[in-house]
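These notes are about the structure you will find just below.
The values are calculated or read from the model by the stated rules, or taken from the named source; none is laboratory data. Note that the structure is predicted; figures quoted are calculated from it, not measured. In this analysis, Cβ positions are derived from the backbone assuming ideal geometry, glycine residues included, and neighbour counts consider all displayed protein chains.
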Amino acid sequence: MPAVSYDVQQRDILKIAVLGAAGGIGQSLSLLLKSNASFLLPRDSSRHISLALYDVNKDAIVGTAADLSHIDTPITTTPHYPNDGNGGIARCLQDADMVIIPAGVPRKPGMSRDDLIGVNAKIIKSLGNDIAEYCDLSKVHVLVISNPVNSLVPLMVSTLANSPHSANTNIEARVYGITHLDLVRASTFVQQLNSFKSNNAPDIPVIGGHSGDTIIPVFSVLNHRASNSGYANLLDNGVRQKLVHRVQYGGDEIVQAKNGNGSATLSMAYAGFKIAAQFIDLLVGNIRTIENICMYVPLTNRYNTEIAPGSDELRSKYINGTLYFSIPLSIGINGIERVHYEIMEHLDSYERETLLPICLETLKGNIDKGLSLV
Ligand code: NAD
Ligand code: LMR
């Protein structure tokens, strides 16, 4: 079925491609984008948002795009699939400003995220080659949701960086693993323990990676909150250890609850949309930088920008040669501008001496695995 053509050629288009858009996350995330993204445009903006939806499941993607197209927001939705007679993935990716990737298989009970790597690495590598071929690597932002994030982000970064189209593009500064569901969980579980007494959801940074004991929720930030916030005592008497464990293994709760029918989709779509919305704000000029956003990124690169004083020392003192890490970032239109290593100084002894060493050891194996598949 040919993509529906709309008369928006005269307008400056912000194009968002979702790869794997017919899946559980892909459909829900596309719904959130279609229903909300145009409200992020400045009032007098002449820009138009277009959603390019790609999946290997032809009927599902054609149906998803058609269904979304009836929603009354001024955003075009086009379906793309292999051999669609309309350029397939090439047309989907052409001129994309942002590519979001929830393509790949989810877990079943008894599986770890690492068990997905055989299938999902092939998918990510193939999509990476397509992005290298059809996107403008000097501007596109690539957001990876597929698991295992800890290994697939290194694979995606290397695939793009090794491509002949990557010269002078600094693409490494614009590839991010989405770990935001861990932050959403940390905030939710703290509020649940606090019986939702406060209407202000606390922001808990989560650093490290996105699986089991590589996930480090930095609950010690609650210590710095006003003592009347009601949150500080959640760090007492082993309560925090339970909270940390719940965030680290929150994904398992959903896998078990779905009992063979996949993993988190709705909460992931919510988390993914929160990240995507910040990128839309950046890309349409509402903000100059996205501040303090935790994502899983390569740390090897200086990102062509100023290095905050002491960064190199903090990195070698705490992160110790780990090439990829989720950490608060400042992101501008050209990608990562600053890595906020200073968060490492604020960890308390439990986070620094108990959680961090385990995280780093596991993460290193995950990263090596991803890089070995390049
Ligand atoms: P799903 O099976 O519902 O959807 C995956 C979609 O990808 C399907 O529509 C499938 O047809 C499509 N697909 C497969 N190969 C493709 C290819 N080569 N190109 C394009 N599309 C392709 O799975 P889901 O529940 O949406 O989960 C997707 C991935 O996201 C899984 O790997 C899951 O583990 C991961 N996930 C990550 C997080 C996170 O926090 N980062 C959270 C939840 C799930
Ligand atoms: C999650 O954290 O929910 C996802 O990574 C999916 C999973 O496999 O647990």
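Annotations for the structure displayed:
- The criterion of at least 2 residues that are surrounded by fewer than 24 Cβ atoms within 10 Å (Cβ to Cβ) is met by the following strands (runs of 3 or more DSSP E) wholly inside the stretch 6-105: 13-19, 48-54, 75-80.
- Hey, Ala308 free of Cβ contacts under 8 Å to residues at least 40 places away in the same chain and part of a loop (DSSP other than H, G, I, E, B) or not: yes
- Reported count of residues in the stretch 154-182, each being assigned to a helix (DSSP H, G or I) and more than 10 Å from ligand 1 (Cβ to nearest atom), is 15.
- Taking the stretch 183-226 as the range and being in contact with a Gly (Cβ under 6 Å, 6 or more places away or on another chain) and either part of a helix (DSSP H, G or I) or within 20 Å of Glu291 (Cβ to Cβ) (or both) as the test, the residues that pass are Arg185, Thr214.
- Residue check, Val149 within 10 Å of ligand 1 (Cβ to nearest atom) and buried (at least 21 other Cβ atoms within 10 Å of the Cβ): yes
- Residue check, Ala186 within 16 Å of ligand 1 (Cβ to nearest atom), modelled with pLDDT of 95 or more and buried (at least 23 other Cβ atoms within 10 Å of the Cβ): yes
- Answer from Ile215, Ile124, Ile131, Ile171 - the residue that is at pLDDT 95 or above, assigned by the TED database to the domain that holds Leu283 and not aromatic (Phe, Trp, Tyr): Ile215
- Of the residues making up the stretch 106-146, those that are part of a helix (DSSP H, G or I), within 12 Å of ligand 1 (Cβ to nearest atom) and touching a Leu at 6+ places or on another chain (Cβ under 7 Å) are Asn120, Ala121, Ile124, Lys125, Leu127, Gly128, Asp130, Ile131.
- Output for the stretch 248-278, where each listed residue is among the hydrophobic types (A, V, I, L, M, F, W, C) and either free of Cβ contacts under 8 Å to residues at least 12 places away in the same chain or away from ligand 1 (no atom under 12 Å from the Cβ) (or both): Ala257, Phe273, Ala276, Ala277
- All of Gly251, Gly285, Gly208, Gly272 fail the test of being over 14 Å from the mean Cα position of the chain (by Cα), within 16 Å of ligand 2 (Cβ to nearest atom) and not assigned by the TED database to the domain that holds Gly104, apart from Gly251.
- Taking (1) within 13 Å of ligand 2 (Cβ to nearest atom); (2) within 30 Å of Ile13 (Cβ to Cβ); (3) hydroxyl-bearing (Ser, Thr, Tyr) in turn, Thr76 satisfies each apart from (1).
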